[in-house]
1. Go ahead and set up a Gaussian network model of the chain, Cα springs under 10 Å, then flag whichever of 62, 35, 100 fluctuates most.
2. Stretch residue 44-residue 76 to full length: gain in nm at 0.36 nm per residue minus the Cα-Cα span?
3. If you average the C-alpha positions of the stretch 1-50 and of the stretch 55-71 separately, how far apart do those two centres end up, in angstrom?
4. Please work out the FRET efficiency for the pair residue 24 and residue 52, using the Cβ-Cβ distance as r and a Förster radius of 25 Å; give the result to the nearest 0.05.
5. Using the Cβ atoms and a cut-off under 13 Å, what net charge is assigned to the surroundings of residue 61, where Lys and Arg are +1 and Asp and Glu are -1?
6. What value, in deg cm²/dmol to 500, does the helix sum -39500 (n - 2.57) over DSSP H runs of n ≥ 4 give at 222 nm once divided by the residues of the chain?
7. Counting only complete DSSP H runs, which helices of the chain cover 15 Å or more along their long axis at the Cα atoms and score a mean Kyte-Doolittle of -1.0 or above?
8. Compute a Gaussian network model of the chain, connecting alpha carbons closer than 10 Å, and tell me which residue from 39, 47, 12 fluctuates the most.
Amino acid sequence: MLFVCTGNTCRSPLAEAIARKEAIARGLLDVQVASAGTSAWAGAPASDGALLVGMERRLDLSTHRAQALSRELIANHDLVLTMGAPHLQRAESLGGAGRSFLLTAYASHGREQRAINDPVGGELGVYRATADELEREIRRVFDRLAAEPPAA
């Protein structure tokens, strides 16, 4: 499972940490989770807001380092979940067509087609709201995966 946003310092690192925690809580120890950005500055740490909100939720983003979305990352993941339409277009152009989706669209079986709010530059409350939204959507992703039979 690969989460994609723009800079790989706010939304997608939070999503990665939330998904990892959710997978562990559900006993899915073999689920691999990563994140990347369509315009990431390689090696950049998670933003201060993401770090602080992560700490509040017992998510450790201290070792996160941004990485750019690439064909190799896309090829190494069965499911690519993006924060907005531009990220989805980029993932599909790098070979992810058919397994790349807006996070909200995948979580809702296509009923919702909205972007996850970008908290960059916002106050801590904005980061908290984004984390709440990510937690909700990622739980729905895991519920969908649990309900669907594995692909042959």
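The values are calculated or read from the model by the stated rules, or taken from the named source; none is laboratory data. Source: prediction; values computed, not measured. Cβ: placed from backbone, ideal geometry, glycine included. Neighbour counts: every protein chain shown. In case anyone asks, the SASA skips ligands and DNA or RNA and just uses the protein heavy atoms, side chains included. Shrake-Rupley method; radii C 1.70, N 1.55, O 1.52, S 1.80 Å.
1. Answer for the Gaussian network model of the chain: 62.
2. Computed gain between residue 44 and residue 76 is 9.3 nm.
3. Between the Cα centre of the stretch 1-50 and that of the stretch 55-71, the gap is 5 Å.
4. So, using R0 = 25 Å, E works out to roughly 0.70.
5. +2
6. Here the helix-only value at 222 nm equals -13000 deg cm²/dmol.
7. 11-25, 124-147
8. 39
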